[in-house]
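So the structure is just underneath, and the comments pick up after that.
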């Protein structure tokens, strides 16, 4: 082991220096939003590219505190892509609302850097720093429309509850440390998988608390209630980013933790509590998807509907954790990737239809969109079908892999719940399509010109279709780790 | 194992007993002769003139926040300074990097006028 | 025969060209030509493939063409691979052949529609998906097609979204589309679940593998295979509109008539039969499921037949007739007469496509009028439509030596032989209703006095692009049955049962697990054939005597049987029951429980103690200041305690 691995740490170093050492100073002296936008877009592009290029290099760095290569770099690329897509769509959106300040991009990149830390983390403290870096950036971004009550309310609510959940997260970490004497995932995993434990109770309690803390971040039942309020109140561009990349990041931290503390199979020291933990995860997953999908049906506000749908998707994703297997992890990776693209796409369209004062986000406002804006409505329909899990779009295969992993882990009932709830979900996703195509508009408001958001939409659409037709592109990558 | 924690428990116990007994004892032993002056907020200081529930300028919070931020960072420097020799070059570079990040933040704060009072 | 993989490619290309550039092409002729020729090329390729298969020895008539590895994750491996064998090529020929005719017909029918190119893009998409469904060599690709045809059907039912449609609890075509899609999704749930279970058992989703491995793992009547086949059958009832999921098909008639002909009569609705035929080994292993299939099939055949007796919308009569005929097909499958079921799929595709296209021609000529009470005497205005429609009616009624006669009689015979006399009896009753409502339809539409308003309606014969497909289909409806002449008739005349011979390898394994009935029943078979023929002919005469003069006598009869009439007119109130039992509770649960209680009662009620009729801005403020966040935190806390308790409790005990 070398103390400092330059190649592997390159993406992290680049994003932090670019953000903390250079970007901030540029912003201190220059007031030029276009420049700042370009600078941060470039930062994300370079970081993502470096992460992709160095993904072959698999090792640990900084005294085992972070892992580099493979899995972590995959997420880096995903986060940077999501960040870039959001930035492209956010610029025209913010300009329309006359609240484009360069700090938006600073915060966004700062959130991405937190996510990257989460994905790379091999250490409880690093995970915590990453989670907080991301969350605090989100709190501020949620309140970015500081003159709109809903936005400020969202920020405050998110902050209060987020802090509350962080408490449990850090408490869980403390207990894990107390039980195993290490902050390192590998050591914790060794302790849980083999031999005897000095304090099995502490390990179990720590594992549950961490599960709870991260469940909040992914907005899973019963820690989901903030999500509809926050997603509705936040600027749509922010919602697009938090509900996708934020969720992906939380899962990138969730997977290694669960793998470490929830050994599947007998003989392990943790076998005394692992089945119960698995059951807790299964229950959270089941209720989350039911609550998310059923609540979504009653919504009249598109942002709120998508918020509930994102809760439901957290439920599907948690099925992959239940199995605790490599197949489950592959399912999560694939699904979260497709989810990022389809959800960002949907929210970008919501942002385009939305008026500068934050209105025109009701379902009824989408009536007849198919006639007025055939392209926009067509893309929205693609995203809706993909979210509903209709083949051949990407959403279907992710769901399929997740369901399969749950079955292989012996959780047939969970799969049945999942299939039933995805049948329910068709109702409101399709309701959107019906509104757009099969109903006439009473009063028509023209959506904003697409501008740079068009790039985001194009990328998202291509991804949703290509991942559906050629899922092996990603699945083959997972197999190389 | 658990036995090694016994001194800790004893310590906690002693702490609780000491604190509680002091409060109880003063209540029992102390004489109670209250006058108007004694009951006022600042017994030997200024006269309270109006409500303490006042709105503070938001700048106060800004300065306070920034103060705490930079103050806390000092905490990291103590253990680093103590272990400076053992950490060697690696530790030195890491701390320089840390200071650079901190300093660029400071530049930002100053240039944005967060520390200007008016 | 690598070119075989091109069969599904042509419609895809057609879809992309027409879908992307259709508006820009801006020429109905060109769009129609592109779309139709895409299907024609598929058909030609399919014929070539068929010829190729014919040239092989019977046992080797199957090959797989793998395009690429769709996904591979751990043990999970699925290819995009097409399997060409006797069953899939038969369906492919039906789909592309009839599909081509309907495309040609649509060029005339959709002439002048503002979304002409969109229509053809959807049609091509449908054919592509349908070909995926039948050609797939594994469950997942079939499922892609299965969902894809559902999607295309959804888009096409709601094609005229700005038109009103008088369905059950439905006023807009868009709602009809949504209903079809959601009911189908319930069925898809069964298919998905069955797929998961099969994969869990065998580690593969390929038909060939599963059909080979299943008999080794399961004995006849095992619970596992029964559950799986029942789940698969649930999917089939959705797609093929059987009880209990048949409610969507009549409302699907909201789509343009060529769509009804192609999707909701000839091809898509038979995919349930295809799936069972494809997995016949699994079904054969479960006598319980087979009994359920036969039972549901014959019940649907009878019930839908009865409902068909009282409908007044020309397309709805045909829709219920389709449901009823699909019931016959399932009955055949259920009694193990797989060949007879597939045979009926084929003949039904001919005559039902013919009837639907004929009805489209009538509707076209009558200026979008669909109510048969407002028609009558049309035969002198549209002679070609009349004659072809008559042939279709004769064929579906089971008049000897037309196509419907052979296939239906084959089904009834096997229902008697492998099932029971009761099954046969019910089948004959259903056949009676078929003949009756078809003749009622024909009489009211083409015979008798002219009941339409001469000032506004000027009936006229349809253009050539519409009548030529009718003629072709009429020819097929007459002679198509000769492919599967039953032994009892064919043997003495030395006419072989070509279809049975052709399909034999597909069902060879499956049939070994079915009970055998041997012996010489020639006399009995002739007797039963005679009975059903007599029944059909008497139904025809009865219907003619009641309806050829007009609607008065019919009204008198309807009044006499008021209760039954009402029951049938309301389709046994199935839709109402569904609405009450499923749709309303879910909506109510969503609105009342989660929305009202959590949001309204908890937030507005407990925290503030005030009524909820407050303005939105006040609501925002109130939420802020009363600290709803605390309330959320409380619920979180409850969850935390519960989960910690769940995990730690066993450790503490």
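Of note:
- Under conditions of 25 °C and 0.890 mPa s, segment A:152-269 yields 161 µm² s⁻¹ as its translational diffusion coefficient, taking Rh as the Kirkwood radius over Cα pairs in the Stokes-Einstein equation.
- Taking a quarter of the surface of the Cα convex hull of chain A gives a mean projected area of 20.5 nm².
- Shielding by other protein chains, A:287-294, mean Cβ within 10 Å: 2
- Protection proxy ranking of A:89-96, A:160-167 - average other beta-carbon atoms within 10 Å, highest first: A:89-96, A:160-167
- Folded to 0 to 90 degrees: helix A:453-469 orientation relative to chain A principal axis, Cα: 50 degrees
- Between segment C:451-529 and segment C:106-161, the Cα center-to-center distance that results, in Å: 26 Å
- Mean-position separation - Cα centroids, segment C:183-199 and segment B:23-80, in angstrom: 67 Å
- Rounded FRET efficiency, nearest 0.05, which uses the C-beta distance separating residue A:355 from residue C:455 and R0 of 56 Å: 0.65
- Note that segment A:1-88 carries a Kirkwood radius of 13.7 Å, evaluated over its alpha carbons pair by pair.
- Taking label points 7 Å from Cα along the Cα-to-Cβ direction, residue C:494 and residue C:638 give a separation of 8.5 nm.
- The residue C:479 and residue C:68 beta-carbon pair, evaluated with R₀ = 56 Å, returns a calculated FRET efficiency of approximately 0.85.
- 10 Å Cβ neighbours from other chains, averaged over peptide B:101-109: 5
- Cα-based helix-to-principal-axis angle, A:274-297 vs chain A, degrees rounded to 10: 10 degrees
- Per-residue average of Cβ from other chains inside 10 Å of A:220-227: 5
- Nearest-0.05 FRET efficiency for residue C:48 and residue C:487, computed from C-beta distance (R0 30 Å): 0.45
- Peptide packing for A:177-187, B:108-118, A:316-326 was compared via the average number of neighbouring C-beta atoms within 10 Å per residue; ordered from the highest value, the list is A:316-326, A:177-187, B:108-118.
- Axis angle, to the nearest 10 degrees, between helix C:116-135 and the longest C-alpha principal axis of chain C: 90 degrees.
- Inter-centroid distance (Cα atoms) of segment C:1-69 relative to segment A:160-183, Å: 60 Å
- Computed [θ] at 222 nm, helices only, for chain C once each DSSP H run of length n ≥ 4 contributes -39500 (n - 2.57): -22000 deg cm²/dmol
- The order of the peptides A:112-125, C:78-91, C:28-41 by mean Cβ neighbours within 10 Å, most packed first, is A:112-125, C:78-91, C:28-41.
- Per-residue ellipticity at 222 nm from helix content only, as computed over chain A with -39500 (n - 2.57) for each DSSP H run of at least four residues, stands at -24500 deg cm²/dmol.
- Relative contact order (%) - criterion: Cα under 8 Å, at least six apart; region: segment A:6-479: 14 percent
- Each distinct pair of alpha carbons in segment B:2-111 adds a 1/r term; the inverse of their mean, the Kirkwood radius, is 20.7 Å.
- Binning the C-alpha pair distances of the protein assembly as shown at 20 Å intervals from 0 yields a P(r) profile of 10, 35, 31, 16, 6, 1, 0 %, listed from the shortest bin outward.
All of the numbers you see were taken from the coordinates with simple rules; none came from a lab. Not measured: the values here are computed from a predicted model. In this analysis, Cβ positions are derived from the backbone assuming ideal geometry, glycine residues included, and neighbour counts consider all displayed protein chains.
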